[in-house]
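*Asks:* Encoded as structure tokens, here's the structure I'll be asking about.
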Amino acid sequence: MQYIKKIREKTPLIHFITNYVTVNDVANAALAIGASPIMTDEINDAVDMQNICDALVINIGTLNERTVKTMIAAGKKANELGHVVVLDPCGVGATPYRNDVINKLLEEVKFDCIKGNISEIKAMANVASKTNGVDACEADKTTRENMHDVFKFAKELYKKTGAVIAITGPIDVIADDKYAYISDNGCKEMRNITGTGCMTAGIIAASLVANKENKLEASTAGVIILGLAGELANKYAKGTGTLHIGLIDELSNMNDDILEKGAKIERFEI
Amino acid sequence: MQYIKKIREKTPLIHFITNYVTVNDVANAALAIGASPIMTDEINDAVDMQNICDALVINIGTLNERTVKTMIAAGKKANELGHVVVLDPCGVGATPYRNDVINKLLEEVKFDCIKGNISEIKAMANVASKTNGVDACEADKTTRENMHDVFKFAKELYKKTGAVIAITGPIDVIADDKYAYISDNGCKEMRNITGTGCMTAGIIAASLVANKENKLEASTAGVIILGLAGELANKYAKGTGTLHIGLIDELSNMNDDILEKGAKIERFEI
Amino acid sequence: MQYIKKIREKTPLIHFITNYVTVNDVANAALAIGASPIMTDEINDAVDMQNICDALVINIGTLNERTVKTMIAAGKKANELGHVVVLDPCGVGATPYRNDVINKLLEEVKFDCIKGNISEIKAMANVASKTNGVDACEADKTTRENMHDVFKFAKELYKKTGAVIAITGPIDVIADDKYAYISDNGCKEMRNITGTGCMTAGIIAASLVANKENKLEASTAGVIILGLAGELANKYAKGTGTLHIGLIDELSNMNDDILEKGAKIERFEI
């Protein structure tokens, strides 16, 4: 495995249209793992920005009408240029507006990976199911017992969207139409810091740029890297403030040896 | 006292329309004390978001014409639904525009608590006094000598607005029309980190949701929790960076025992 | 040297129109060095805000059409009032839109200092050269070998803009039309945290307000203060997370003795 080595060698330039809550962490996490972040949500700037970038990450956390237009326009441009595009459907399901936006994004932009927690991914599937007929998923969180249902659900979504589906939670699931990885990395304390999901999307994008040959494994690496960094930081954190900072420290010190030793993954044929 | 236990049990979902300077800290502070934050300022999203939330916090720090409309619309919706609404009139008094916005907010939205430093609360009273006749307050900061003037001023504002008035400073004052609490918690070093006021507003909102029976005491608890967390962090902080992070650590470790032992409060009949 | 003493005595009130990625660090860095930050980008608020401020910092990192109008209007007002104005042409050169914005800003607003990395300053010169005929600069980064070319380039830009030119990098160059300072402060690890440039612009503004008699030396002090703080923090940082926090700690503990002992500067007549 040379996921991180390749990221650090390639230093992917990643354009983020992302929420203003966690944007600083997203930038610092991207830098820590060896990528180079740039943020812009002005349509006159963002479309052209794709010309010098390797990837686009769209996160709808603090969307507004202006920035949604930018997301769509920049997403189309990224698709034209063959760039990696990652979607974080942050908070989808919470309001009709978010659902509409996700619907439009899925219609207009092709994604390489879609990452969310299970309720976001299920809400996204519901939105998509209006036109696409995706089956509902009963699981509220992924467990050893229900994971095969989650795999089936993710596989179906992959078929509809063409995007690797990364479902984060106590057990993470990352799947395409052939295989699903599960990961036990991370720790429950990470739920109490904001931005872990947003950072994960950025690291997935970096990993996808640097490891183009296998989208599923590159996306899986992105999810594990963040989870492992938090897990390592949690060993010495004194609360959620130092966990937050330690997580960035661990990302900046991360390498493929640490990743290989720390990764808790299993692969399933699905 | 079970303020924090109740917050952690209830995990109030708090919608923030807040400034982009301190929004990450506001989210992490809310998570650290056991609440769940969601940020959106798009009018098509924010009004509906109230349907799934328990509270709304409005902070005008980096207001703009678009987000002010959202503040008013979401505020009205929160009032309709009987949700807790907290106002942080950040920077009011600095410009005529901020004064106009606060005037509109006070006209259109009913608040459970209004929290600011003394110059903000005085500026807000001046704005309100144009129509409401609130007396001026001479104090530039609350001291043991002038505190009864501050109590009287806060009491009058409570009567005009129906909101508990929380005036933060070296001595914090939290008052309704019957009682005023003062708190000596906090430390002067906290003035040199941004966001302590914004975080306080969020913690007040969480405390109000979880402790509905007594707004004055719930608001007071919110003010003390933040002050005490900073005070505890200041014992080992090496500068304002580690004070900032330590404050979040202390919030995440806070419980009612720590609060009860650390609270430096007095109550006055006013 | 009493740069920092003067900042802490004067506590300059600095208005930032800055990107939402690093705005929290910018505010905390300004507070840590003894200034007082206020952020607003609403045109109805920002122009009036200059009435109570000492300085304006414009950073185009996450510009949009609305905020660009505010930048120009607030910049003109700051010029009228004789306030310190600093430009951080963040990301100029990346897109035609950013170049247009910088062109407009240079036409409409007079700056006391313009701070960027060498590619930004070169891109800005290219933009300006369309109308002003600034020569190109060959250097990709400042070295001991090419620094006299960089000095000449900065001198020319100073003549065209009237602004002290601060070019940050492994070797920082700060120049007007008579002298150039170079600084070896800072460390390579700082490149892996976002916001060091944005924070530098704010500290330059604070230094310029407090040390009006010599713009070149005040700007130089601003650059060194940030570099030295990072350098000191890097001695004990365990990764980029603790470097980021340590940098703020060091800023909050900085004084003129530490600055004088730690400054690695040389002055050249140019």
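Values in this text are rule-based calculations from the coordinates and carry no lab data. This one's a predicted model, so the numbers in the text were calculated from it and none came from an experiment. Methodologically, a virtual Cβ is constructed for each residue, glycine included, from the backbone with ideal geometry; neighbour enumeration extends over all protein chains shown.
*Asks:* In chain C, if the dipole is taken from +1 on Lys/Arg beta carbons and -1 on Asp/Glu beta carbons about the Cα centre, which of C:Asn146, C:Ile52, C:Ile102 is farthest to the positive end?
*Replies:* Towards the positive end, the residue furthest out is C:Asn146.
*Asks:* On the rotation axis linking copies B and A, which residue of B comes nearest by its Cβ, and by how many whole Å?
*Replies:* B:Tyr20, 3
*Asks:* Another question, then. From the label point of C:Ile265, set 7 Å along Cα to the beta carbon, how far off in nm is each other copy's matching point, shortest first?
*Replies:* 5.0, 5.0
*Asks:* If you don't mind, there's one more thing I want to ask. Rounded to the nearest 0.05, what FRET efficiency is calculated for C:Lys5 and C:Tyr179 with R0 set to 25 Å and r the Cβ-Cβ distance?
*Replies:* Numbers: r = 23 Å, r/R0 = 0.93.
About 0.60, to the nearest 0.05.
*Asks:* Hey, for A:His148 with labels 7 Å out along Cα-Cβ, what do the inter-copy distances come to in nm, ordered shortest first?
*Replies:* 7.8, 7.8
*Asks:* Next question, about the same structure. Return the whole-Å distance between the Cα centroid of the range B:1-80 and the Cα centroid of the range C:73-129.
*Replies:* Each part reduced to its Cα centre gives a spacing of 36 Å.
*Asks:* Provide the percentage of antiparallel DSSP beta bridges, counting only those with both residues in the protein assembly as shown; round to the nearest 5.
*Replies:* Values: 36 of 96 bridges.
Roughly 40 percent of the beta bridges in the protein assembly as shown run antiparallel, per DSSP.
*Asks:* In what order do C:Met190, A:Met124 fall by count of nearby beta-carbon atoms within 10 Å, going from fewest to most?
*Replies:* Details: C:Met190 23, A:Met124 26.
Exposure proxy ranking, most exposed first: C:Met190, A:Met124.
*Asks:* Can you list residues from other chains, or at least 5 along the same chain, whose modelled amide H is less than 5 Å from the amide H of C:Asn117?
*Replies:* Amide H neighbours of C:Asn117: C:Thr168.
*Asks:* For the range B:249-259, what does the Karplus curve 6.51 cos²θ - 1.76 cosθ + 1.60, with θ = phi - 60°, yield as ³J(HN,Hα) per residue in whole Hz, taken in order and with x for Gly and Pro?
*Replies:* After applying 6.51 cos²θ - 1.76 cosθ + 1.60, I find 4, 5, 4, 6, 9, 5, 9, 5, 5, 4, 4 Hz.
*Asks:* Something else: May I ask you to list the GluC sites (Glu not before Pro) in the range B:137-233 that are in a DSSP loop and have at most 11 other Cβ atoms within 10 Å of their Cβ?
*Replies:* Working: sites: B:Glu138, B:Glu145, B:Glu156, B:Glu189, B:Glu213, B:Glu217, B:Glu231; in loops: B:Glu138, B:Glu145, B:Glu213.
Passing sites in the range B:137-233 are B:Glu138, B:Glu145, B:Glu213.
*Asks:* Enumerate the calculated ³J(HN,Hα) couplings along the range B:104-121 in order (Karplus 6.51 cos²θ - 1.76 cosθ + 1.60, θ = phi - 60°), each rounded to whole Hz, writing x wherever the residue is Gly or Pro.
*Replies:* Taking θ as phi minus 60°, the curve returns 4, 4, 5, 6, 9, 10, 9, 10, 7, 8, 10, 10, x, 7, 5, 6, 5, 5 Hz for the range B:104-121.
*Asks:* Only Lys, Arg, Asp and Glu count, each charged at its Cβ (+1, +1, -1, -1), so figure out the dipole size of chain B about its Cα centre, rounded to 20 debye. Walk me through the numbers on the way to the answer.
*Replies:* Values: 30 positive and 36 negative charges, 21 e Å.
Computed charge dipole of chain B: roughly 100 debye.
*Asks:* Can you pick out the pairs among B:Lys152/B:Lys215; C:Lys115/C:Lys235; C:Lys10/C:Lys215; A:Lys115/B:Lys76 whose Cα atoms lie more than 24 Å from each other?
*Replies:* Where the Cα-Cα span goes over 24 Å, the pairs concerned are C:Lys115/C:Lys235; A:Lys115/B:Lys76.
*Asks:* Between the label point of B:Lys178 and that of the same position in each other copy, find the distances and list them shortest first in nm, with every label point placed 7 Å from Cα along the Cα-to-C-beta direction.
*Replies:* So the distances to the same position in the other copies read 7.2, 7.2 nm.
*Asks:* Right, another one. Each residue of the range C:36-42 in order: what ³J(HN,Hα) in whole Hz does its phi give by Karplus 6.51 cos²θ - 1.76 cosθ + 1.60, θ = phi - 60°, with x for Gly and Pro?
*Replies:* Whole-Hz 3J(HN,Hα) from phi for the range C:36-42: 10, x, 9, 10, 7, 10, 8.
*Asks:* Go through A:Lys5/C:Lys188; A:Lys110/A:Lys178; C:Lys110/C:Lys155 and tell me which ones have a Cα-Cα distance over 23 Å in this structure.
*Replies:* On the way: A:Lys5/C:Lys188 19 Å; A:Lys110/A:Lys178 20 Å; C:Lys110/C:Lys155 17 Å.
Where the Cα-Cα span goes over 23 Å, no listed pair is concerned, since all stay within it.
*Asks:* State the Cα centre-to-centre distance between the range C:231-253 and the range B:186-204 in whole Å.
*Replies:* 22
*Asks:* What number, in nm² with one decimal, is the all-direction average of the projected area of the convex hull of the alpha-carbon atoms of chain C? Could the numbers behind the result be given before it?
*Replies:* Details: hull surface 50.1 nm².
Average of the hull's projected areas for chain C equals 12.5 nm².
*Asks:* Of all DSSP beta bridges in the range A:3-269, what percent run antiparallel (nearest 5)? Mind showing how you got there, number by number?
*Replies:* Values: 12 of 32 bridges.
Taking every DSSP beta bridge within the range A:3-269, about 40 percent pair in antiparallel fashion.
*Asks:* Taking neighbour Cβ counts within 10 Å as the exposure measure, how do B:Cys137, A:Cys53 sort from fewest upward? Please report the intermediate quantities before stating the final value.
*Replies:* Working: B:Cys137 21, A:Cys53 25.
Ranked by crowding around the Cβ, least crowded first: B:Cys137, A:Cys53.
*Asks:* Which whole-number percentage describes the relative contact order of chain A, with Cα contacts under 8 Å and a sequence gap of 6 or more?
*Replies:* Averaging sequence separation for qualifying contacts and normalising by length gives 20 percent for chain A.
*Asks:* Near the amide H of B:Ile270, under 5 Å away, which other amide H atoms are found, from residues 5 or more places off or on another chain, if H is placed in the peptide plane?
*Replies:* Here B:Tyr179, B:Ala180 satisfy the definition.
*Asks:* Follow-up question, since we're still on this one. Among the aspartates and glutamates, which fall within straight-line cross-link reach of A:Lys6, defined as a Cα-Cα distance under 16 Å, with same-chain neighbours fewer than 8 residues apart omitted?
*Replies:* Partners found: A:Asp54, A:Glu213, A:Glu217, A:Asp256, A:Asp257, A:Glu260.
*Asks:* Let me ask something else about it. Residues with amide H under 5 Å of C:His15's amide H, sequence separation 5 or more or different chain, H placed in the peptide plane at 1.01 Å from N; which?
*Replies:* Answer set, sorted by chain and number: C:Ile38, C:Asp54, C:Ala55, C:Leu56, C:Val57.
*Asks:* Could I ask something else about it? What residues of the range B:1-45 lie in the reach of a label at B:Lys76, counting those whose backbone N is under 14 Å from a point 7 Å from the Cα along Cα→Cβ?
*Replies:* So the set is B:43-44.
*Asks:* What ranking do C:Lys264, A:Lys261, B:Lys159, C:Lys6 get, fewest neighbouring Cβ atoms within 10 angstrom at the top?
*Replies:* On the way: C:Lys264 15, A:Lys261 8, B:Lys159 12, C:Lys6 20.
Starting with the residue having the fewest Cβ neighbours, the order is A:Lys261, B:Lys159, C:Lys264, C:Lys6.
*Asks:* So what is the 222 nm mean residue ellipticity for the protein assembly as shown from helices alone, if each DSSP H run of at least 4 adds -39500 (n - 2.57) and you divide by all residues, rounding to the nearest 500 deg cm²/dmol? Spell out each step's value before the answer.
*Replies:* On the way: 33 runs with 423 residues, N = 810.
The helix-only estimate for the protein assembly as shown comes to -16500 deg cm²/dmol at 222 nm.
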